[in-house]
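Notes for the one structure printed next.
Readers should treat all values here as calculations from the given coordinates under stated rules, not as data from a laboratory. In this text, all values refer to a predicted model and were calculated from it rather than measured experimentally. Note that each Cβ is placed from the backbone with ideal geometry, even for glycine, and that neighbours are counted across all protein chains shown.
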Amino acid sequence: MTIYKDILNAVKAQEKLFAVLIDPDKTKITEIANFIERINQSKATHVFVGGSVVAEAATEILVIEIKKHTALPVVLFPGDITQISDRADGILFLSLISGRNSDYLIDKQVKAVSKLVNTNLEILPTGYILIENGIETAVQKVSQTQPISRRHIQLIIDTAIAGEYLGMKLIYLEAGSGATYPISAEIISKVKERISVPLIVGGGISSMYQLEEAYNSGADLVVVGTAFEQNESFFDELKCNESVILNEVEKF
Ligand code: 1GP
């Protein structure tokens, strides 16, 4: 059980964490080795794998291929129980606490148990909070839930605190894949002030400025997916920009 412990240690040491999200549905296996090489050369500390709609078995095939090329922890970020693979190192055990659809609050989690009990995956209980960002995102469509308005900051804070009260070990503020507006600095800093578990932020981050802003506001771990799908040179920015506040995190 090292993934969570390492996240806590990084937070304590004020080191910032960075996850590259790979969507099995949008990734060609033949291009993985090259892509992972770029991840290895960047400041990334984690590889997340998941998507809203993924063909059955695609996740496991992808995870096996990723593990061949990197020592970084591979963490499942599943949109559905079909995306569980014991070839990964851990899983964000998500509950969509911004929504009111019992399927995504508890039902899918119950159904996942029979798969998870036979794996060595490190389970990372995560309060997943979807915040409106200007467009309807895949999470919203698939989960059939409404995101919280980005203007309703007190509700976002209360939802995050409720997640922590329920025992969730991570809070994930999600703007949605390809979001027009990433989570604002104000939301990140206000939530961070009020919770003591590590804070993950993702959705719509596509520039160094946005990445640094998320970290400066209090994000402990930032997730980026679409920016790499659209523009792999984002890796070069991550590698070359020495002003970036990302600190080296010891590889696992
Ligand atoms: C989506 O938070 C992640 O679930 C990452 O979003 O693809 O917009 O980087 P992007």
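Hey, can you grab everything whose amide H is under 5 Å from the amide H of residue 148? Only 5+ residues off in sequence or another chain; H modelled, so Pro and N-termini drop out.
130, 131, 132
Please report how far the C-alpha centroid of segment 1-72 lies from that of segment 78-152, rounded to the nearest whole angstrom.
If we compute the Cα centre of each part, the gap is 17 Å.
Let me know the shape class of segment 1-117, please: from the alpha-carbon gyration tensor, a ≥ b ≥ c as square roots of the eigenvalues, rounded when a/c is under 1.5, otherwise prolate if a/b is greater than b/c, or oblate.
Verdict is oblate for segment 1-117.
Restrict the search to segment 113-190; then list the GluC sites (Glu not before Pro) that DSSP places in a loop and that have at most 14 other Cβ atoms within 10 Å of their Cβ.
Passing sites in segment 113-190 are 136.
Tell me the trypsin sites (Lys or Arg not before Pro) within segment 133-206 that lie in a loop according to DSSP and have at most 12 other beta-carbon atoms within 10 Å.
Qualifying residues, ordered by number: 151.
In segment 1-49, which trypsin sites (Lys or Arg not before Pro) fall in coil by DSSP and have 16 or fewer other Cβ atoms within 10 Å?
Within segment 1-49, the qualifying trypsin sites (Lys or Arg not before Pro) (loop, at most 16 other Cβ atoms within 10 Å) are 28.
So for 158, 23, 107, fewest C-beta neighbours within 10 Å to most, what's the order?
Lowest to highest Cβ neighbour count: 107, 158, 23.
Can you list the HN-Hα couplings for segment 176-192, worked out from phi with the Karplus curve (6.51, -1.76, 1.60; θ = phi - 60°), rounded to whole Hz and with x for Gly and Pro?
The phi angles translate into x, 4, x, 4, 5, 10, x, 4, 6, 4, 5, 5, 4, 5, 5, 5, 4 Hz.
Starting from the amide H of residue 48, placed 1.01 Å from N in the peptide plane, find each other amide H under 5 Å away whose residue is 5 or more places distant or on another chain.
Those qualifying (amide H under 5 Å, at least 5 residues apart or on another chain) are 20, 21, 22, 75.
Quick check on the exposure proxy: order 117, 53, 47, 63 from fewest to most C-beta atoms within 10 angstrom.
So the ranking, lowest neighbour count to highest, is 117, 53, 63, 47.
Sorting 42, 207 on the 10 Å Cβ count, fewest up front, what's the list?
Fewest to most other Cβ atoms nearby, the residues stand as 207, 42.
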